[in-house]
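In what follows, a structure is listed as structure tokens, so that the remarks can point back to it.
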Amino acid sequence: MGSIESNIASLRQELPESVKIVAVSKTKPLDQILEAYSVRQRVFGENRVQELVDKYSELPKDIEWHMIGHLQTNKVKLIVPFISLIHSVDSLKLLRTIQLEAMKVNRNIEVLLQVHIAQEEHKYGFSKDELNNLFESTFVKEYPNIIFRGLMGMASYTTDYDQVRDEFRGLSVLFSQLKERFGSYVPFFTELSMGMSGDYMYAVEEGSTMIRVGSLIFGKR
Ligand SMILES: *Cc1c(COP(=O)(O)O)cnc(C)c1O
């Protein structure tokens with residue numbers, strides 16, 4: 001394991017220019033985040049609201065904070081004033097709450113819809129069928145303060161990398177289909193967030209535009 005700086009440097013070297021790195025800094029202290037910041041990393045991902053709010057208040061204001069973990073509706077108002085992207089929108093109830101709170105603070109909030117692609121039951125997200133049905137009708141119009149940026153998914157936690165690749169490919173196909181069918185309603189629907197430290201290489205090969213990498217940058221938690 002190298003330094004945080006060198007870990008980021010090697011990742012950048014390896015990735016296509018078009019793939020963005022979300023440095024997942026959950027549980028990591030401020031000084032380690034500042035180390036990444038010192039080599040121009042500006043996008044950081046967190047999965048707990050309180051930790052996210054605390055780090056936002058302590059750290060430079062040009063950091064883009066991404067919420068990547070399951071979000072409870074009663075906590076939406078705490079992050080809506082500053083969040084750059086919510087990866088983990090996994091229900092209509094959550095979407096409606098984000099719309100409501102975004103309107104109150106007069107912001108437009110960028111979101112990804114999380115899709116359940118893994119075999120594990122406990123993972124969150126819409127099913128592919130749900131998403132296909134959702135985008136029909138007047139769906140987008142009900143959310144004037146929400147900018148639909150794309151999809152997010154997590155593959156099964158397994159060493160069966162054929163399965164991992166299949167899951168990523170399935171999500172990528174869904175993403176392309178939704179873009180094709182509804183691109184005119186959701187003009188900024190361009191991001192596909194998939195891939196973590198253990199599987200990002202498969203995700204990138206299957207068309208990921210954004211990888212969420214924690215332990216590979218900061219070391220194990
Ligand atoms: C923790 C986390 C990651 C990063 O995991 P690593 O294996 O440390 O890269 C990515 N996505 C989500 C949703 C996470 O909770």
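Lys/Arg Cβ at +1, Asp/Glu Cβ at -1, dipole of the chain taken about the Cα centre: which of S184, L100, Q163 is farthest positive-ward? Ranked along the dipole, the leading option is L100. When the helices of the chain are scored as -39500 (n - 2.57) per DSSP H run of n ≥ 4 and the total is divided over every residue, the value at 222 nm lands at -11000 deg cm²/dmol. Other residues with beta-carbon under 13 Å from the beta-carbon of V140 carry, at +1 per Lys or Arg and -1 per Asp or Glu, a net charge of +1. Placing +1 at every Lys and Arg Cβ and -1 at every Asp and Glu Cβ, with all other atoms neutral, what dipole size does the range 86-221 have around its Cα centre, in debye to the nearest 20? My answer is approximately 600 debye. Applying Stokes-Einstein at 10 °C and 1.306 mPa s to the Kirkwood radius of the chain, computed over alpha-carbon pairs, gives a translational diffusion coefficient of 89 µm² s⁻¹.
Each label point was placed 7 Å from the Cα along the Cα-to-Cβ direction; for E14 and E180 their separation is 3.2 nm. Within the listed set T97, T158, T209, the residue fluctuating most in the Gaussian network model of the chain (springs between alpha-carbon atoms under 10 angstrom) is T158. Summing Lys and Arg as +1 and Asp and Glu as -1 over all other residues whose Cβ lies under 14 Å from the Cβ of K220 gives a net charge of +3.
Taking other Cβ atoms within 10 Å as a rough exposure proxy, M201, M210, M196 sort from fewest to most as M201, M196, M210.
Taking the number of Cβ atoms within 10 Å of each Cβ as an exposure proxy, the fewest-first ranking of H70, H87, H116 is H70, H116, H87.
Inter-part distance, the range 158-221 to the range 32-98, computed on C-alpha centroids, equals 19 Å.
Think of the chain as a dipole: +1 on every Lys or Arg Cβ, -1 on every Asp or Glu Cβ, centred on the Cα centre; then among I8, L78, V115, L78 lies furthest on the positive end.
Only lysines eight or more places from K141 in sequence, or on another chain, were considered; those with a Cα closer than 26 Å are K75, K77, K93, K104, K128, K179. Ordered by the count of other Cβ atoms within 10 Å of each Cβ, fewest first, K55, K28, K61 give K61, K55, K28. Using the Karplus relation 6.51 cos²θ - 1.76 cosθ + 1.60 with θ = phi - 60°, the per-residue 3J(HN,Hα) values for the range 51-60 come to 5, 4, 5, 4, 5, 4, 6, 8, 10, x Hz, with x marking Gly and Pro. Bridgeable aspartates and glutamates around K28 (alpha carbons under 13 Å apart, same-chain partners fewer than 8 residues away excluded): E46, E51, D54.
Every read-out reported here was derived from the displayed coordinates using simple, explicitly stated rules and does not represent laboratory data. Note that the coordinates shown come from a computational prediction; the quantities given were computed from them, not determined experimentally. Virtual Cβ from ideal backbone geometry, glycine too; neighbours counted across all protein chains shown.
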